[in-house]
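Laboratory data are not the source of any read-out in this text; all were calculated from the coordinates shown. Not measured: the values here are computed from a predicted model. Here the Cβ positions follow ideal geometry from the backbone for every residue, glycine too, while neighbour counts run over all protein chains shown.
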Amino acid sequence: MKPDVKQFSAEVGGKTFTYETGKLAGQAGGAVTLKMGKNIVFCSATMSSKPRDGINFFPLSVDFEERMYSIGKIPGSFFRREGRPTENAILTSRLTDRPLRPLFPKDMRNDVQVIIYAHSSDGDMPLDILAINSASAAVLISDAPWNGPVAAVRIGRIDDEFIVNPTYTELETSTLDLRVAGTKEAILMVEAGAEEISEEIMSEALVFAHNAMQPLLDAQIKMAAEVGKPKSEYPSFAVDAEIKEKVYSQAKDRLVEIAKQGGSLGKHARDEAVNELRNAVVLEVAGEEDADGITGAVKEAFEAANKKVVRDQILENGLRPDGRGTTDIRPIWCEVDYSPMAHGSGIFTRGETQVINFTTLGTPKDAQLIDNLTPVEAKRIMHHYNFPPFSVGETRMMRGTSRREVGHGALAERALIPVIPAEVDFPYSIRLVSECMSSNGSTSMGAVCSSTLSMMDAGVPIKAPVSGIAMGMISDGDNYKILSDIQGLEDHLGDMDFKVAGTDKGITALQMDIKVDGLTPEMMGEALQQAKAGRSHILNTMLETISVPRPELKEHTPRITTVVIPVEKIGAVIGSGGKTIRSIQEETGAKIDIGEDGTVFISTNDGDSERAARERIEALTEDAEMGRIYTGKVVRTTDFGAFVEIFPGTDGMVHISQLDSERIESVEDVASVGDEITVMVTNIGGDGKIRLSRKAVLEGWTAEEAAEKDRGGGKKGGGDRNRSGGNRGRGGRR
């Protein structure tokens, strides 16, 4: 039987988005395809029938699966099938998760699984926006309880004008790459990279984005009304109100006492005091035997009581857990040149958050190769972020890079890219590794700051130093406080996590997650301005340690010299099967990379090696010049003259009459194979054939005299060069 397919469309930024359901995956809780042009994304959303045992959180999983068939490619892996998710897939999964999660019931323990496939991609339209919108629609029409829908748009800025959902091609010239997700009433999630744009322009872009997404929300609401399933009942794991009230009354005064100690307690001392109080309250309320089996509920009620006390102290008294005011930044100290062997290193410490960054400079060939659904084939700027368990005083299994580490690393990388010099000015691949040594709030922004210090220590000529800060917000609906430089507890208990990075000129990266409705444009603008003041304070403190990039690279850093050769000469440098370039590298010790545009990168720690390699390459690609004198090797002789290689791969003929000032009977009287002789170029024919004269050098002819005398004689035999093996100068090949 033919399926009952339903379609719902929306026009956004001149592009048509079409939601479709009823054709695929009939057994999923909700299944939607979202089409835009030649791009198709499929999403399923399914809820388990029973809650998961032994957990105290809502279990949501979101996975974006790249499928290479969507762009007509076979995967480049050994097995020729998709394996572990790419960084792009992980970031898209995280981006989709962030606006969905806050709208699920907090007391639900049933698993909800969202799976997204790329079914078709034109290779020029980013699929992350389609992923978020399809996921929202799939959850919305499923039986999973959810307070959606949400929609997402991407905003670019070209020639001072905002554009909606730009392509990768358009993003190349855009000064802004902003992704925003939200509901009809509010923004929930922001992710942005920018070319040092102002806070005012960023605020305008956020409002523009929220208005632009409304048609997508309208289409989803209409879709849910027509085909949406009834929402399932679920067993609530909410704590009984009576227990919550009892725990709050028991714990409040003692929690306030801990809160008032503020800065006199460090993170671990405060945690220890709160844990001791929690254990005491559990005994008081549940009893030692826990006859009613309410220990778990009491612990959860205590966490809610602690959250309320901390939030109330901030809202009512402006008292933060560590005693700071709302705009105060924790003490900062910095250090550079920590590692004697890294090309650059920097330590950034802010309060109990500490990150060390190490810079490594490599050749263009060291760039990371990319095999995903984007048109990006390689990237020369790589930032890697590591978050070990000891950084928070814990132990856990080390199981490779987590999604969180990928996401935080990408955020810091995005913040730094706008200040990295272009390859033509600084021909290095750059790897930055941020090691989190201690964490109590915003290690990702610590990674931005330590990376800046590290690159400056390495001598990378960045356009401007970058600093970053994490902002927070506490709101009760009527009142709110915006907090600068939030620590871990404020992030956990607060209503907003708002990270801003940039130079003294403007914003380079922005990431925001909102846990409550009602963030107005005015509040957002206030947060951006308060973040600007905090970033400036942090940056000025960093610059007290190192104010500008070092003028020279460190001694053990590879030196890269660039030489530009004609594209048609690339083959001469590479040689048959790479023989020539390998021999240059083996003989000089230099590492050589050649770009498709003819740019040759010579990397070496030794100036003599660099010079030798450069001279070899220049010789291979050199063109003969009229009147110029060369010393070359005789490579072949005939009755009428000698062929002399004036530079590798290119030779010319010296007619017997031009071998000496006096008449000679035999070529071998003056020149034998292997001899070195000095000659002048007297003619370069239209066909590239070169005539040489030793006589011109012996008699001291000028270039003009050589050209004039060449027209009067010495031509005989020049036409025989093709018969005799001829000019090997074309293309530089033998």
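Details
- Rounded if a/c under 1.5, otherwise prolate or oblate - the stretch 1-120, Cα gyration tensor axes: oblate
- Eligible aspartates and glutamates near residue 231 by straight Cα distance, threshold 14 Å, same-chain separation 8 or greater: 143
- For the stretch 241-317, convex hull volume per residue from C-alpha positions, Å³: 82 Å³
- Pairs of Cα atoms nearer than 8 Å and 6+ residues apart set the relative contact order; for the chain it is 9 percent.
- Compactness index (Cα Rg / 2.2 N^0.38 Å), the stretch 408-501: 1.28
- Checking the Cα-Cα distances for 246/499; 252/515; 463/554; 307/505 against a 26 Å cut-off, the pairs over it are 246/499; 307/505.
- Gain upon complete extension [residue 492, residue 523; 0.36 nm per residue less C-alpha separation]: 9.1 nm
- If you plug the beta carbon distance of residue 74 and residue 639 into 1/(1 + (r/R0)^6) with R0 = 51 Å, you get a FRET efficiency near 0.30.
- Listed residue (85, 393, 105) projecting farthest to the positive dipole end of the chain, Cβ model: 85
- For the stretch 32-61, applying the loop criterion from DSSP together with a ceiling of 16 other beta carbons within 10 Å to the trypsin sites (Lys or Arg not before Pro) yields 38, 52.
- Distance (nanometres) between label positions extended 7 Å along Cα→Cβ at residue 269 and residue 200: 4.6 nm
- Shown here for the stretch 103-183: GluC sites (Glu not before Pro) in loop regions (DSSP other than H, G, I, E, B) with at most 14 other Cβ atoms within 10 Å, namely 172.
- The orientation-averaged projected area of the convex hull spanned by the Cα atoms of the stretch 6-227 comes to 13.5 nm².
- For the chain, size of Cβ-based charge dipole, Lys and Arg +1, Asp and Glu -1, in debye: 1760 debye
- J(HN,Hα) series, the stretch 77-93, from Karplus relation 6.51 cos²θ - 1.76 cosθ + 1.60, nearest Hz, glycine and proline x: 6, 4, 7, 6, 9, 5, x, 4, x, 6, 4, 4, 5, 5, 5, 5, 4
- Remark: 709, 515, 695 ranked as 515, 709, 695, counting other beta-carbon atoms within 10 Å and listing the fewest first.
- Residues 119, 537, ranked from the fewest to the most other C-beta atoms within 10 Å, line up as 119, 537.
- Here the contact order of the stretch 241-317, divided by its residue count and restricted to Cα pairs under 8 Å and six or more residues apart, works out to 50 percent.
- Between the beta carbons of residue 221 and residue 101, assuming R0 = 22 Å, the FRET efficiency works out to 0.60 to the nearest 0.05.
- Contact order for the stretch 459-569, expressed relative to its length and based on alpha carbon pairs under 8 Å spaced 6+ residues apart, stands at 29 percent.
- Distance between the 7 Å Cα→Cβ label points at residue 379 and residue 231: 3.7 nm.
- Spatially near lysine pairs across the stretch 4-110, Cα under 15 Å, sequence gap of 8 or more or different chains: 5
- Straightening the chain between residue 327 and residue 365 buys 9.2 nm, computed as 0.36 nm per residue apart minus the Cα-Cα spacing.
- Orientation-averaged projection of the stretch 195-302 equals 13.7 nm² [convex hull of Cα atoms, one quarter of hull surface area].
- Only one residue of 239, 190, 208 has its Cα farthest out toward the positive end of the dipole of the stretch 190-243, where Lys and Arg carry +1 and Asp and Glu -1 on Cβ, and that residue is 239.
- Theoretical gain in end-to-end length, residue 2 to residue 536 [0.36 nm per residue, Cα-Cα removed]: 186.0 nm
- Burial ordering of 543, 411, fewest other beta-carbon atoms within 10 Å first: 543, 411
- Computed FRET value (nearest 0.05) for residue 504 with residue 172, which takes r as the C-beta separation and R₀ as 25 Å: 0.45
- Beyond 17 Å, the tail of the calculated P(r) for the stretch 325-437 holds 65 percent of the Cα pairs.
- By the compact-protein rule of thumb, 2.2 N^0.38 Å, the alpha-carbon radius of gyration of the stretch 332-543 corresponds to a ratio of 1.03.
- Amide H within-cut-off set for residue 504, under 5 Å, with H built and near neighbours excluded: none
- Site-free segments of the chain were taken between chymotrypsin sites (Phe, Trp or Tyr not before Pro) in DSSP loops having at most 14 other Cβ atoms within 10 Å, sites themselves excluded; the longest one is 80-734.
- The alpha-carbon of residue 695 sits under 19 angstrom from the alpha-carbons of these lysines, leaving out residues fewer than 8 places away in its chain: 633, 709, 715, 716.
- Angle between the chain longest axis and helix 521-543 axis [Cα atoms, degrees, rounded to 10]: 50 degrees
- When the Cα positions of 342, 468, 537 are compared along the charge dipole of the stretch 332-543, 342 comes out farthest toward the positive end, with charges on each C-beta of Lys, Arg, Asp and Glu.
- Neighbours of residue 534 by Cβ distance under 10 Å: Lys/Arg scored +1, Asp/Glu scored -1, total 0.
- Sorted into 10 angstrom bins from 0, the C-alpha pair distances of the stretch 162-253 split as 12, 27, 20, 18, 19, 5, 0 percent.
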